[in-house]
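Asker: First the structure, which I've put down as structure tokens, then a few questions once you've had a look.
What follows is calculated from the coordinates using simple rules that are stated; it is not laboratory data. This is a predicted model, so every value here is computed, not measured. When we count neighbours, we look across all protein chains shown, and the Cβ atoms used for this are built from the backbone with ideal geometry, even at glycine.
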Amino acid sequence: MAAKWGIKKNDLVMVIAGRDKGKTGKVLRVLPENGRATVERLNIVKRHSKPRGAASPGGIVEKEAPMDISNLMFFCERCNAPVRVGYKMAADKSKTRVCRSCHESLGNE
């Protein structure tokens, strides 16, 4: 069973460790079975591709690689800082994510 992380697709996150430390970006994909996430314009790697006809010529392609989710923290725009994610039960028994610092409800539910 994969671990439960507070980060979801389309969240704004900040990298807290590694080559891109201090940079922020939007989560494109979360891979919970591997504990990794792909962040827009971060952890760029070069891959060599073979030509596949006239439609896709070969060459060196730069793309985002998944990074370990433990190196990411949710970025609260209200606090303007990386924060931990908490959960709060609403009156209608629905669970919502909240910022542990400012206690503001987080979007992207």
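Asker: Spin-label point model (7 Å from Cα, Cβ direction): what's the Lys88 to Arg52 distance in nm?
Answerer: The answer from the label model is 4.7 nm.
Asker: Any idea which of Ile69, Asn34, Ile44 is furthest toward the positive side of the dipole for the stretch 12-77, if Lys and Arg beta-carbons carry +1 and Asp and Glu beta-carbons -1?
Answerer: The residue sitting farthest along the positive end of the dipole is Ile44.
Asker: Working from the alpha-carbon coordinates of the stretch 1-40, get Rg over Rh, Rh being the Kirkwood radius. List each step's numbers first, then the result.
Answerer: Working: Rg = 10.2 Å, Rh = 10.6 Å.
We get a ratio of 0.97 for the stretch 1-40.
Asker: Kirkwood hydrodynamic radius, the chain, all distinct C-alpha pairs: what's the number in Å?
Answerer: Working: mean 1/r = 0.0643 Å⁻¹.
Result for the chain stands at 15.6 Å.
Asker: Report the paramagnetic label zone for Arg78: residues of the stretch 1-39 whose backbone N is under 16 Å from a point 7 Å from Cα along the Cα-to-Cβ axis.
Answerer: Under 16 Å, as judged by backbone N against the label point of Arg78, lie 12 of the stretch 1-39.
Asker: Further question: About the Cα centre of the chain, how large is the charge dipole given +1 on each Lys and Arg Cβ and -1 on each Asp and Glu Cβ? Please answer in debye to the nearest 20.
Answerer: So the magnitude is around 200 debye.
Asker: Follow-up question, since we're still on this one. I need the Kirkwood Rh of the stretch 47-109: take the reciprocal of the average 1/r across all distinct C-alpha pairs and report it in angstrom. Don't jump to the answer; show the numbers that get you there.
Answerer: On the way: mean 1/r = 0.0652 Å⁻¹.
Across the stretch 47-109, the inverse of the average 1/r is 15.3 Å.
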